[in-house]
1. Could you compute the net charge surrounding Arg520? Neighbours are other residues with a C-beta less than 14 Å from the C-beta of Arg520; K and R count +1, D and E count -1.
2. How would you order 486-494, 99-107 from highest to lowest mean count of nearby Cβ atoms within 10 Å?
3. Per residue, how big is the convex hull of region 275-358 when only Cα atoms are used? Give it in Å³.
4. Rounded to the nearest 20 debye, what is the charge dipole size of region 417-570 about its Cα centre when +1 sits on each Lys and Arg Cβ and -1 on each Asp and Glu Cβ?
5. Between Arg562 and Ser12, what length in nm is gained on full extension when 0.36 nm per residue of separation is reduced by their alpha carbon distance?
6. For region 28-171, what is the accessible area per residue in Å², given a 1.4 Å probe and the full set of protein chains?
7. Find the centroid of the Cα atoms in region 507-560 and in region 97-111, then give the distance between the two in whole Å.
8. Quick one: net charge around Phe142, please, counting Lys, Arg +1 and Asp, Glu -1 for every other residue with C-beta under 11 Å from its C-beta.
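The values are calculated or read from the model by the stated rules, or taken from the named source; none is laboratory data. Since we're looking at a predicted model, the values are computed, not measured. In this analysis, Cβ positions are derived from the backbone assuming ideal geometry, glycine residues included, and neighbour counts consider all displayed protein chains. Heavy atoms of the whole protein, side chains included, go into the accessibility calculation; ligands, DNA and RNA do not. Shrake-Rupley method; radii C 1.70, N 1.55, O 1.52, S 1.80 Å.
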Amino acid sequence: MILGILQARFSSTRLPGKVLKPLLNKPMLERQIERVRRARRLDHLLVATSNEPEDDPIARLCQEIGIDCFRGSLNDVLDRFYRAALPHAPEHVVRLTGDCPLAEPFVIDGVVDFHLVGGFDYSSNALEPTFPDGLDVEVIRFAALQEAWKIATSPAEREHVTLHIVRNPERFRHGSVERGEDLSHLRWTVDEPEDFALVERIYEALYPENPAFGMQEILALIDEQPELAVMNTSHRRNEGLERSLQKERYATSEALLQRALTTIPLGSQTFSKSKVQYPHGVSPFFITHGQGSRVWDADGNEYLDFINGLLSISLGYGDPDVNQAVKNQLEKGTLFSLPHPLEMEVAEKIVAMVPGVEQVRFGKNGSDATSGAIRLARAHTGRDHVAVCGYHGWQDWYIGATARHLGVPKATRDLTHTFVYNDITSLEKIFATHPNAVAAVILEPVNVEPPKNGFLEAVRELTRRHGALLVFDETITGFRLANGGAVEYFGVIPDLVTLGKGLANGFPISAIAGPRELMRLMEEIFFSFTFGGETLSLAAAAATLDKLRREPVVATLWEQGRQLLDGLQPLLTRHGVGHFLGTAGLPVWSFLMFKDAGGYGQFEIKSLFLQEIFARGILCIGTHNLSYAHTRADIDTLLAVYDEVLPILKEAVDGGTMQERLRCQPIQPLFKVRG
């Protein structure tokens, strides 16, 4: 026996009550049943709906038109479907859904015949879609349905009847029915008001003359009235399944986040890794391990990582040279009662690599180094004020100048002044407003845009003229632009340089470095850490710096970055997204720049971008933080994902479909420190 089961429910998030909407004076569901009953291969047809009161009208309709109706679980649709079939003892079950009022009897029969001849466990014309969306047919051997009912456990597999079977082709033999001509771009299902409007037009044009009209008549009508083909093209196939899979994809991450929030504010130790940066429901929140250029989240999803520990992973995850150096030192000890020789060995390597550096002191975070440099500058000059440009950490002296200054005394905030990168006049104004009072000018030597018109040289000259120290915050650019960082790359020697993320491939260490005559004062100011000489991070730093000098690490980063930007710019042009998306930065550290467009804010657009790239296995938050482990193939993969995602962004922005495409609340603007 071959049993047809038509799933239907009254509730619908996008078009409530759609199955009972009148279509030529009869409910849409009745029109679909009228068509399906013409299929010669179905021995019996029934409707399966939920036992919720809101589906009572469906049960009443079935009684009125003389068709069996089974009622079961609303959310466990697999259980409902299985229990609907069980009393009939079918050999095969044909699954249809109540949102397809253009169901084609000829197609139903064709898929059933294909299934029986091939002896498949599961057959469908939707595995590799070539039929219009809305003519989907699935045929399942009842024994396979029963097995799936017994062992499927995930919420998505209980909600979507055949998902477990489709996911396990090694267990269930699949058969795919495909047309010669691909018509999968046509949308004849009903999920949205635009869908129903199209179906209504088709029925009004064809039904009165031929109630049994079929696919060929519909195609001929579309040829005559081509505007029909574009009435509902802004919606994607299987959006409901996509949403379910999205929930399942990040289920463990979201559970861990809720757990973390009970004991950890924001659920993370790092603001830039916390939930405020990632749209909820479409993002991973926890990573469990990484290797090379890839990481795996708590749900087991694999990603090509272009965040790389906020640029701390410069060689790649699990670099063998660094790991071995750390393992060797671990056997000997991590912290001692006196300094370890590694302290001087790593200091000597930095002195040899960074121009203008003669002495070094270590910290743990970038904030340690920048704060130490500012304290040293104040001690050296006897002045209090500081000019800043870029991001320099969480300490009061800097963060007080940003929007995140809660808890910072006003007296401290009044001592820090921001200036604009590439605008030397903005720095001159600070010196003019605070004559003989500025101790230091600290800036990231490059970030979103490169220096223009001799900007760095002008800053160097201005600080000398006014007796202030120039500090390059190379927490990010150190050992990335060149082995000697931005100091070497741009040829401008600051008074002090601070180093961090590029030092030890993810191990916690930072440094203040400069000439001996300045660094000598570190003996007088208090800059001291119990863990400042911790040996595992020093061993990692030694191995990282050795590898930088031994292998073409920096040259590879530049090469990868050029490949990425050279491939990305034509994509931006071809897909016509330049009005809301561009690039900035240098190849070794480049940025995607989102802009407001089409009535949508940049954060809405970025949220959709993140949703789509995360789903495709790319971890990126709008910057390309490259590591030595990235390959040309990795860059090609990233560009291929961009090639898929950019047209989605364009349709959402220019087509006004952002809300339909977003499966999350957009991320919110945070305080901005760059660009």
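1. Details: positive: Arg361, Arg516; negative: Glu358, Asp495, Glu517, Glu523, Glu524.
Overall, the nearby charge balance is -3.
2. Details: 486-494: 20.6, 99-107: 22.1.
The packing order, highest mean first, is 99-107, 486-494.
3. Details: hull volume 14.9 nm³, N = 84.
Convex hull volume per residue, Cα atoms: 177 Å³.
4. On the way: 13 positive and 18 negative charges, 22 e Å.
With only Lys, Arg, Asp and Glu charged at Cβ, the dipole is about 100 debye.
5. Contour length minus the Cα-Cα distance gives 193.2 nm.
6. Numbers: 5690 Å² over 144 residues.
Value for region 28-171: 39 Å² per residue.
7. So the separation of the two Cα centres works out to 67 Å.
8. Working: positive: Arg141; negative: Glu91, Asp121, Glu147.
Within the 11 Å Cβ shell, the charges total -2.
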